[in-house]
Amino acid sequence: MTSLTRSPSLARRVAGVASPVWRMDGWLLAAVAALTVIGTLLVWSSTRASLAGAPSGLLQRHLLNLCIGLGLGGAIAMVDHRWLRAYAPLLYALAMLGLLLVLTPAGETINGSHSWIVIGGAFQFQPSEFAKPALVLGLALLLAEVREDDVRPRDFDVWLALGIAAIPMGLVMLQPDLGTTLVLVAITAGVLILSGVRMRWIAGLAGVAVVAAVIVWQFQLLEAYQVNRFMAFIDPSLDPRGAGYNSRQALITIGSGEVFGKGLFNGGQTTGKFVPEQHTDFVFTVAGEELGFVGAAAIVGLLGVVLLRGLKIARECEDRFGALVASGIVCWLAFQMFINVGMTIGIMPITGLPLPFVSYGGTATFANFIAIGLLQAIHIRERSYG
Amino acid sequence: MSLMQSRMIALHVFVVVMLVVLAGRLWQVQVMRGQHFVTVANKTQTRAVVVPAVRGQILDAVGRPLVRNRTSLVVSVDTMELSRMPDKGKAVIGRLAELLGRPAVDIQKRVRLCGPKVSRPCWPGSPYQPVPVDDHVSTPMALQLLERQEEFPGVSARVQAVRDYPLGDDGAQMLGYLQPVTQQELERRVGLKASFSGVDLVGRSGLEAQYDEYLRGKPGVRAYNVDRMGKIIGTESHMAPTTGDTLVTSIDARVQASVDAALDKVMRRAKDRPDGAAGVVLDVKTGRVIALSSLPTYNPKIWIGGISDPAYQRLLSEKNGKPLTSRATNGELAPGSTFKVVSVAGAVKDGYPLHGTYDCPGTFRVGNREFRNFEGVAHGRMNLHQALVVSCDTIFYRFAYEQWQRDGGIRPRAKPRDPLEAMSRAFGFGRRTGIDLPNEADGRIPSREWKRDLWEVTREENCRRARTGYPEVHRKDPTRAVFLKRLAAENCKEGYVWRPGDAANFSIGQGDVLVTPLQLAVAYAALVGDGRIRSPRIARALVRPDGRVVKEITPPVVGRLPVSDEVRDYMRRALADVTRGKGTAAGPFSTFPLDRVHVAGKTGTAEVYGKRDTAWFASFAPAQDPRFVVVVMVSQGGMGGGVAAPIAREIWESIYGVGRPAAMPGGVPPSGLPAFQADGTVRVPPDPRHEAIPVKTPRDSERPGRPGRPGDQEEATPPRRGPDDAPGEGTGDGTGEGPGEGTGEGPGEGTPGNAGEDGPRAREPDADDGPRRPRDQGE
């Protein structure tokens, strides 16, 4: 492998400035591209102008968001991730600033979450999405530092890591946005475990998590709707018209797609808007109904390709920082995908999380592409410098 | 790095497990249970709205409407749309109430859905079906509603077809009525995909019920795609309604009207105060029904738009004479002397010479009891011809008694011949005629078997009474109580025995024999026609609105009289003399031009215990070659010759145009079906009396959905009698039908029906309907 990079082919030498492009992971790129195309079609289908009450112009915005995301991701891929390591504290600080800004009067409430900043009336910005890559970078930075001949981070670094994870978690909880908080928990847990912390740390943190969950439940720190969603997940017949409705309609919608689906734009459930938020959090139901098992499984498969390529990149990266960043990203995307798809098919409670690369979204799309950019950057540098 | 590598492998496994879990669950949901979710999804995505079909008309033989459709402006409220309003439509309903001039609460109640805790008034149909709140809206009101739609969102005014009865009260029981169909009835129907909408009507009696399947047409169904709020976002499918078939009957509207008018006249006669009357006109040649009347009657329009409870109770009440029941098909009464044609046929069949002469004494001893002629008059020796003309009873008592003796008397032989019973059944008595109307009555032919059944049912009570006696009667009438006790004792012991008194009464249409006016008409039609018993039919054909004949209906031949042509001819000639000379109906026909139209017939006066006589006249004309049979029955009317025959005369005058315009010019019913024109209308041939009545037949189109010209079909025929006339018309004595009637002559009354010393009668009036039940179940 190293021999390959030490003697680049003629074609790659001719490519000159753009040469890192050729060293990107092709599978990852293709899978993301395919997911993006499918996602665009599904967003189109679920926001068609003919649909009563459907927001119009969302497809164009989605395409614009994808372009911006692609630009951001591409730019980051070209950057040496060790350079990013130097700027990680700054990026983290910026993200935290964004989260703080949301809590000031500058923040806006959309769909029950006070997690938006609206710039110029049109451009909506969700800082919590940027908190995900920022936390990945911050944690990797702290936990990559190990003494010679040691494979585990020092306890002090672990404490520090928990500290920098707690800040965004707390800020996001204040919005409140339970889904993103859980993603941050997943990222923190993943990076900590992979960094090699002792089992007692893992056990201890798991215990803390359980205690925290119990406290949250007992002291009713969650919003009523969050509790209802969870209860409805446990017993969907509890409130079939209310909290159980989304869950049930999502399942009906996906199930009615059968093997080959009803065809793009032909979903009766989608057209009737039986599932709310079907272009964002519940976009997977559109895939299930219109593309059937074949299409839905393909999306899961493509996401699987993204995750497995990400893991491969992490495994092959000999630089601890890069490996931790890549693993953190995989944890983030894997968790988000599992929760999102799982809630539409009735195996997870409903949590407001978009499906990476498929759902309509602005900041979320940027964050996803930043994640892919980071993975590619790690992959490219790994190949360049061994 | 090995620690990190190993933990990474764990993550790897974790990711792969997640992917497998998701794919597995997808397989389960989409592939394994997919079909189930498709069904569920279809149910939630579409809403069916029923578009009612226009019901077919009912026409008379030449195309005059008996039941037609009138357009009516109906205001409906779409409750789904109201429920989406912020105030749940309160404001709209308030404005609507103001416009219609009704309290808003009233409308609120009507549009709410019926439920376990919501009782009427409420809407029993589908929530997606617009709820009709008013069906008598004036055109200006409807226009206001349509023009000010922004003030009345969800409120619509539509033209809807509503039943209209040009004949008013005439033949109401025969035509029948409509009621909203119930969920259960809908589920029983085959092939109807639409769900219960609450707007469908079903024929509940008469022709409307009998031919409901044809008349009702097929409702259209509009399947809408709805979103999760129930808002309509598109039309999935649309099936236009199909107008029902037009029912062409053999009824002649004018003859029908004349029968009703003649019966009405006698019903109103203050001195007699009959409690019911019926008239049947049959076509002898074909067995078709030309008129079928029963009084008291009512105007079927009271059913339109839902009958009120007081009005319904009025229809059912004894006091008003139960106008819902047709006495023509369901009134079971003793036929009296009209039954003698059966006795003559039975006697001749049994070997009595047709041309023999028989003594007609004033009384005839049956067993140990005297049976008297009418008013005890002796007529001397006479032939059977004369016996029919003067209606001698004693000749038939003798026949019956001798036949009874030949069958073994009190100890009957193994296989008694019972010639009269056999002949009665051959004439079609004791069973339904099979007319195309629901719930026809059977009538009753008394027999040994019937007596035994009755005895078995009543034995226990009779034996108990034989021991305990009748203390409650004893207080008032000790003699009667003693008699009743003795009667009970004998009935207990040998009430099953067919006694000579039973046979004698039977022979003159008294005692236990019961017939319906229709049965009698069918029997006479067979007798004076070709000897074949035909199951009468009112319907001639079912025709599509464009004139295409769907089904032609011919009265089927269901039997043949075992009577030779010679005997039938003999009787026909005899009956021709009843209306002249010494005949029992000579009086009423004394001024009738018999030389032009020779009306023949037989009178009947049936005695009913505790009530006045039932008057009968069974007639036919022309006597030489009979074309029509007219049977008239007046319950509690009096003498057949004095009460029933004059009514029949009026009917004959109308048919042939005696002293008035002929209802059936030439005395011949139309041979073909009315001429349907291409546009669906029927041209009624012009006649001297009336201009042709234009009849509009609805085409196969979605009429109710389109605002039309509501006024253009308003050609209401004012009813001859208003429905308000009905109360107080009855005599309060019961209805003149039912098993108790005409059978219950009690002991010791001295009537010809009384068994007297001869032997105890099987029955007390209050034990009367006992024996019918086991028989009915067997059929």
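The values are calculated or read from the model by the stated rules, or taken from the named source; none is laboratory data. Here the structure is a predicted model, which means the values were calculated and not measured. As a convention, Cβ positions derive from the backbone with ideal geometry for all residues, glycine included, and neighbour counts pool all protein chains shown.
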* Given the conditions (1) within 30 Å of A:T109 (Cβ to Cβ); (2) in contact with a helix residue (DSSP H, G or I) (Cβ under 7 Å, 6 or more places away or on another chain); (3) in a helix (DSSP H, G or I), which single one is not true for A:L192? -> (1)
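Quick grid of which residues meet (1) part of a helix (DSSP H, G or I); (2) of a type outside the set (S, T, Y); (3) modelled with pLDDT of 85 or more:
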position: A:L182; (1), (2), (3): yes, yes, yes
position: A:I187; (1), (2), (3): yes, yes, yes
position: A:V208; (1), (2), (3): yes, yes, yes
position: A:V211; (1), (2), (3): yes, yes, yes
position: A:V214; (1), (2), (3): yes, yes, yes
position: A:Y225; (1), (2), (3): yes, no, no
position: A:N246; (1), (2), (3): yes, yes, no
* Asked: Do we have any residue at all in region B:608-627 that's surrounded by 23 or more Cβ atoms within 10 Å (Cβ to Cβ), touching a residue at least 24 places away in the same chain (Cβ under 8 Å), under 18 Å from B:L263 (Cα atoms) and among the basic types (K, R)?
  -> no
* Structure fact -> Of (1) within 14 Å of chain A (Cβ to nearest Cβ); (2) of a type in the set (S, T, Y); (3) in contact with a Gly (Cβ under 7 Å, 6 or more places away or on another chain), B:S2 satisfies every one except (3)
* Structure fact -> By residue number, the members of region B:223-233 that are within 9 Å of another protein chain (Cβ to nearest Cβ) and either modelled with pLDDT under 65 or farther than 17 Å from B:D78 by Cα (or both) are B:R228, B:M229
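Quick one: count up the residues across region B:14-70 that are over 30 Å from B:K551 (Cα atoms) and under 41 Å from the mean Cα position of the chain (by Cα). Explain how you work it out, then say what you get.
Of all residues in region B:14-70, those over 30 Å from B:K551 (Cα atoms) come to B:14-49.
Keeping just the survivors that are under 41 Å from the mean Cα position of the chain (by Cα) gives B:47-49.
Result for region B:14-70: 3.
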* Tell me, please, whether a residue that is among the charged types (D, E, K, R), touching a helix residue (DSSP H, G or I) at 6+ places or on another chain (Cβ under 7 Å) and within 8 Å of chain B (Cβ to nearest Cβ) can be found in region A:262-285. => no
* Asked: Would you say B:R369 is more than 16 Å from B:F339 (Cβ to Cβ) and at pLDDT 90 or above?
  -> no
* **Residues (under 16 Å from A:M337 (Cβ atoms) and within 9 Å of chain B (Cβ to nearest Cβ)) located in region A:286-305** => A:G288, A:A296, A:A297, A:V300, A:G301, A:L303, A:G304
* Can you tell me which of A:L137, A:L162 is surrounded by 21 or more Cβ atoms within 10 Å (Cβ to Cβ), part of a helix (DSSP H, G or I) and more than 14 Å from the chain's Cα centre (by Cα)? -> A:L137
* Out of region B:593-607, which residues are surrounded by 21 or more Cβ atoms within 10 Å (Cβ to Cβ) and within 14 Å of B:R649 (Cα to Cα)? -> B:V599, B:A600, B:G601, B:K602, B:T603
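Restricting to region B:1-48, name every residue that is assigned to a helix (DSSP H, G or I), among the hydroxyl-bearing types (S, T, Y) and under 26 Å from A:E258 (Cβ atoms).
First pass over region B:1-48, keeping only residues assigned to a helix (DSSP H, G or I): B:2-32, B:34-45.
From the residues that got through so far, the ones that are among the hydroxyl-bearing types (S, T, Y) too are B:2, B:6, B:39, B:44.
Of everything in region B:1-48, those that are assigned to a helix (DSSP H, G or I), among the hydroxyl-bearing types (S, T, Y) and under 26 Å from A:E258 (Cβ atoms) turn out to be B:T39, B:T44.
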* Asked: Can you tell which of B:R465, B:R432, B:R475, B:R411 is over 34 Å from the mean Cα position of the chain (by Cα) and either under 30 Å from B:P556 (Cα atoms) or not in a helix (DSSP H, G or I) (or both)?
  -> B:R411
* **Breaking point among (1) surrounded by fewer than 23 Cβ atoms within 10 Å (Cβ to Cβ); (2) under 30 Å from B:A223 (Cβ atoms); (3) away from every other protein chain (no Cβ under 14 Å), for B:H36** => (3)
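Results for (1) surrounded by fewer than 24 Cβ atoms within 10 Å (Cβ to Cβ); (2) closer than 21 Å to A:D177 by Cα; (3) of a type in the set (S, T, N, Q), shown as yes or no for each residue.
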{"site": "A:I339", "(1), (2), (3)": "yes, yes, no"}
{"site": "A:M343", "(1), (2), (3)": "no, yes, no"}
{"site": "A:T351", "(1), (2), (3)": "yes, yes, yes"}
{"site": "A:F357", "(1), (2), (3)": "no, yes, no"}
{"site": "A:Y360", "(1), (2), (3)": "no, yes, no"}
{"site": "A:A364", "(1), (2), (3)": "no, yes, no"}
{"site": "A:F369", "(1), (2), (3)": "no, no, no"}
{"site": "A:A377", "(1), (2), (3)": "no, no, no"}
{"site": "A:E382", "(1), (2), (3)": "yes, no, no"}
* Would you check which residues across region B:484-532 are buried (at least 24 other Cβ atoms within 10 Å of the Cβ) and not in a helix (DSSP H, G or I) and list them? => B:G495, B:W498, B:I508, B:G509, B:Q510, B:G511, B:D512, B:V513, B:L514, B:V515, B:T516, B:G529
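Restricted to region A:54-86, and to residues that are of a type in the set (S, T, N, Q) and not in a loop (DSSP other than H, G, I, E, B), which residue is surrounded by the fewest Cβ atoms within 10 Å (Cβ to Cβ)? Even if it seems obvious, please write down each step before you answer.
Residues of region A:54-86 of a type in the set (S, T, N, Q): A:56, A:60, A:65.
Remaining after also requiring not in a loop (DSSP other than H, G, I, E, B): A:60, A:65.
Numbers: A:Q60: 9, A:N65: 19.
Per the stated criteria, the residue is A:Q60.
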* Structure fact -> Of (1) without any contact (Cβ under 8 Å) to a residue 24 or more places away in the chain; (2) over 30 Å from B:S294 (Cα atoms), B:R417 fails just (1)
* Structure fact -> Going through (1) assigned to a loop (DSSP other than H, G, I, E, B); (2) more than 10 Å from chain B (Cβ to nearest Cβ) one by one, A:R309 fails only at (1)
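Test B:V54 against the criterion of being touching an Asp or Glu at 6+ places or on another chain (Cβ under 8 Å), away from every other protein chain (no Cβ under 14 Å) and in contact (Cβ under 8 Å) with a residue 12 or more places away in the chain, and give yes or no. Give the derivation first.
Numbers: touching an Asp or Glu at 6+ places or on another chain (Cβ under 8 Å): no; away from every other protein chain (no Cβ under 14 Å): yes; in contact (Cβ under 8 Å) with a residue 12 or more places away in the chain: yes.
In short, no.
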* To do: Quick one: in region B:434-467, of everything that is among the aliphatic types (A, V, I, L, M) and in contact (Cβ under 8 Å) with a residue 60 or more places away in the chain, which residue is farthest from B:G501 (Cα to Cα)?
  => B:L437
* Restricting attention to region A:321-364, report how many residues are part of a helix (DSSP H, G or I), more than 8 Å from every other protein chain (Cβ to nearest Cβ) and not aliphatic (A, V, I, L, M). => 9
* To do: Considering every residue within region B:82-89, establish whether at least one is under 25 Å from A:T271 (Cβ atoms) and crowded, with 21+ Cβ neighbours inside 10 Å.
  => no
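For (1) touching a residue at least 40 places away in the same chain (Cβ under 8 Å); (2) away from chain A (no Cβ under 14 Å); (3) among the charged types (D, E, K, R); (4) in contact with a helix residue (DSSP H, G or I) (Cβ under 7 Å, 6 or more places away or on another chain), each residue gets a yes or a no:
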{"site": "B:V16", "(1), (2), (3), (4)": "no, no, no, no"}
{"site": "B:V20", "(1), (2), (3), (4)": "no, no, no, no"}
{"site": "B:R25", "(1), (2), (3), (4)": "no, no, yes, no"}
{"site": "B:V29", "(1), (2), (3), (4)": "no, no, no, yes"}
{"site": "B:T46", "(1), (2), (3), (4)": "yes, no, no, no"}
* Asked: Got a sec? Which helices (runs of 4 or more DSSP H) wholly within region B:293-408 have at least 2 residues that are in contact (Cβ under 8 Å) with a residue 40 or more places away in the chain, of a type in the set (G, A, S) and crowded, with 19+ Cβ neighbours inside 10 Å?
  -> B:340-349
* Structure fact -> Note on B:R68: of the conditions (1) part of a strand (DSSP E or B); (2) within 14 Å of chain A (Cβ to nearest Cβ); (3) not polar (S, T, N, Q), unmet is (2)
